[in-house]
1. Take the alpha carbon atoms of segment 363-413, find their center, do the same for segment 130-190, and report the distance between the two centers in whole angstrom.
2. Hey, what number do you get for the chain at 222 nm if only DSSP H runs of n ≥ 4 count, each worth -39500 (n - 2.57), divided across all residues, to the nearest 500?
3. Sort 410-422, 362-374 by the packing proxy (mean of other Cβ within 10 Å over each peptide's residues), most packed first.
4. Can you give me the C-alpha center-to-center distance between segment 47-110 and segment 254-305, rounded to a whole angstrom?
5. Relative contact order for the chain: what percent, with Cα pairs under 8 Å and sequence separation of 6 or more?
6. Name the residues whose placed amide hydrogens come within less than 5 Å of the amide hydrogen of Asp370, ignoring near sequence neighbours (fewer than 5 apart) on the same chain.
7. Restricting to the chain, compute how many DSSP beta bridges are antiparallel as a %, nearest 5.
8. Cα extents of segment 343-386 along the three principal axes, largest first, in whole Å?
Amino acid sequence: MSETTFKNDDLAAFWMPFTPNRAFKQNPRLFHRAEKFHFYTTDNRRVLDGFSGLWCVNLGHGHPKVVEAIRDQASTMDYCPAFGFGHPGSYKLANMVADQFPGDLNHVFFTNSGSEAVDTALKMAIAYHRMRGEGTRMRLIGRVQGYHGVGFGGISVGGMVNNRKFFGSLLPGVDHLSLPYNPETHGYSRGLSDADVAHYRKELETIITLHDASTIAAVIVEPFAGSAGVFVPPKGYMQMLREVTAKHGILLITDEVITGFGRLGAPNAATWFGIEPDLVTMAKAINNAAVPMGAVAAQKKIYDTFIEGTKAGVEFFHGYTYSAHPLAVAAGIAAQEVFREEGVYQHVADIAPYFEDAVHSLKGEPHVTDIRNLGLAGGLTIAVRDGMPGARAAEIVQKAYEFGAVIRNNGDTLALAPILTMGRGEIDEIIDITRKAIRAVA
């Protein structure tokens, strides 16, 4: 059935996430197939995926090795409980993931999404301090414009207003750092800016002094603010966070749901920035988004505290029915093998400078007021139309779809996220369609 003939009544039952349901169901955008770099609409129109699904299909759609692994696993064992039981694949994947992180980040707890990974990491952080006899460490510090999923923990430490304002007082004892980005001084930066991080260091130290370090469990940040519109920190910022938190005995959690598995041309942002967080959340590309999956990587000291601090029985009262689901694990093992065998991380490192030049070629286009990039992630700020925040950027996304590409907006920002195995031709097409869409919108 085509987009134009699919009746609104047929769409009504599905309450769609992060979507203006009324408007969408009057003019639906429906895909029925995807292959490599493209979606295919129900009208059988080919649309280039310029956003890697939702930052997640890093290897392209329907990678044969991933598809085969899921098919084989489904015919062998479709489910295995993770509470008190296990299956060999889960341990294999945990080792494959842990081996890609620096230092002692060598224990992996599986979840089903980035949101679950974040709430898991926050619980780990608070419980870790309690088990060490520092039960007063319960406060959490997030960041303005941060996105950490949609669980109550995630929206509490997150800093996106619409994700927070409808849901009450959220978790108590949460404070927020400012977004480490100022368009007046950082604007049109290529990669990390040269802005001084002293202001951000002072801000963090001031918050710690206000509450006292003995009350703070963890600081959680994204390496770059992805969902907000690809806002990239200055040089030295992530290293500063690691230094200050370590000095005060505060855990550093990095949310790598977007940056994990190649987006920056490295296995993860921890490796790329040269830091060792205490906890790292991940999801999306861990198994090329073929089956829902997330994870938390924890330092050995955290894992050992739980194991050695519990005389008998369950050490961490937390988990999910679908933790380490066999199909998700099979897809994960296959995806991790593809990342390695096809040299995906190096390909991203090699092509990222070309993408940087391409996305910055949009400077000077109508309504574009800023451009940012890191790895294969690009963000544009679009001038606000009077009295209609987000409207112009949303129209640009719609025009891009009509012209043959998927990109994404959040408010008055646009985000571009090529599939990691794309070449120069596909990058050029994403940029050309984005340019055409921008010019088509008043």
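1. What the calculation gives is 24 Å, centre to centre.
2. Numbers: 17 runs with 172 residues, N = 442.
Result for the chain, helices only: -11500 deg cm²/dmol.
3. On the way: 410-422: 23.8, 362-374: 18.5.
Most protected by this proxy first, the peptides run 410-422, 362-374.
4. 13 Å
5. Values: 886 pairs, mean separation 92.2, N = 442.
Averaging sequence separation for qualifying contacts and normalising by length gives 21 percent for the chain.
6. Under 5 Å from the amide H of Asp370 lie the amide H atoms of Thr381, each far enough along the sequence or on another chain.
7. Details: 33 of 50 bridges.
So the antiparallel bridges amount to about 65 percent of the total.
8. 46, 15, 9
Computed from the coordinates by the stated procedures, all read-outs in this text should not be read as laboratory data. Predicted model only: the values in this text are computed from it and were never measured. FYI the Cβ positions are ideal-geometry reconstructions off the backbone, even for glycines, and counts take in every protein chain you see.
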